[in-house]
Amino acid sequence: MLRVRPFAPNDLGAVVAIVKEALRENYPTSLYLDIHKWWRDGFLVAENMGTVVGFLASVMMAPEQSRILMLAVYQAWRRRGVGSALMDAFLNECALRGVKSVELEVRRRNQEAIRFYTRYGFQIAHVLPKFYTDGEDGFKMRRFL
Ligand SMILES: CC(C)(COP(=O)(O)OP(=O)(O)OC[C@H]1O[C@@H](n2cnc3c(N)ncnc32)[C@H](O)[C@@H]1OP(=O)(O)O)[C@@H](O)C(=O)NCCC(=O)NCCS
């Protein structure tokens, strides 16, 4: 039922809606189109019977280093393996591209996401003091492939 595929510009509305619901952010649509342009295979959506229920957006930071910019699943779809399907597909893309390490930032209080990433072998590298605009600290997390 669940299918992970590369983002296409038609998915823009769905991705914006997920970001609003799951991350409470409202970024300009040009941001998503830029991310898509930079690394097409690193921007993935998960769809269930034609409806996009989650996505993962990333960039290449260096030839062997990628960074997850956003990963979000609609609240109603969580704990059903959608995030894992996205992460599995993403790590496959990374392996194909010769990526040796993946990094990301997460809010210090976001226990759900920290548990999810830890299960995937990510480790906290260091604290990012007041990383978020509301003053919350972040954690830099990293995983080697
Ligand atoms: C983090 C997120 C993407 C996980 O997506 P998901 O589809 O729920 O993940 P999965 O169902 O594949 O979960 C895989 C495993 O991660 C862990 N996990 C996921 N959510 C968890 C939670 N709320 N509490 C504890 N462990 C959790 C569990 O080990 C889970 O396996 P299990 O369900 O068999 O116990 C999702 O919670 C989300 O969209 N959160 C809001 C946005 C966000 O915080 N993104 C990250 C910002 S950096």
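Observations on the structure shown:
- Residues that are of a type in the set (A, V, I, L, M), more than 8 Å from the ligand (Cβ to nearest atom) and either under 11 Å from Ala22 (Cα atoms) or modelled with pLDDT under 95 (or both) within the range 54-84 comprise just one, Ala76.
- Filtered residues of the range 75-89 (kept if in contact with a helix residue (DSSP H, G or I) (Cβ under 7 Å, 6 or more places away or on another chain) and surrounded by 13 or more Cβ atoms within 10 Å (Cβ to Cβ)): Gly83
- If the condition is being of a type in the set (A, V, I, L, M) and more than 6 Å from the ligand (Cβ to nearest atom), then the range 106-120 contributes only Ile114.
- Residue selected from the range 35-52 under the condition β-branched (Val, Ile, Thr) and without any contact (Cβ under 8 Å) to a residue 40 or more places away in the chain, by the criterion farthest from Phe7 (Cα to Cα): Thr51
- When residues of the range 90-123 are limited to those that are within 18 Å of Ser66 (Cβ to Cβ) and aliphatic (A, V, I, L, M), the one surrounded by the fewest Cβ atoms within 10 Å (Cβ to Cβ): Leu96
- Some residue of the range 41-55 being of a type in the set (D, E, K, R), in contact with a strand residue (DSSP E or B) (Cβ under 9 Å, 6 or more places away or on another chain) and surrounded by fewer than 14 Cβ atoms within 10 Å (Cβ to Cβ): no
The values are calculated or read from the model by the stated rules, or taken from the named source; none is laboratory data. It should be emphasised that the depicted structure is a prediction, and the values quoted were computed from it without experimental measurement. With ideal geometry, Cβ positions are generated from the backbone for all residues, glycine too; neighbour counts draw on all protein chains shown.
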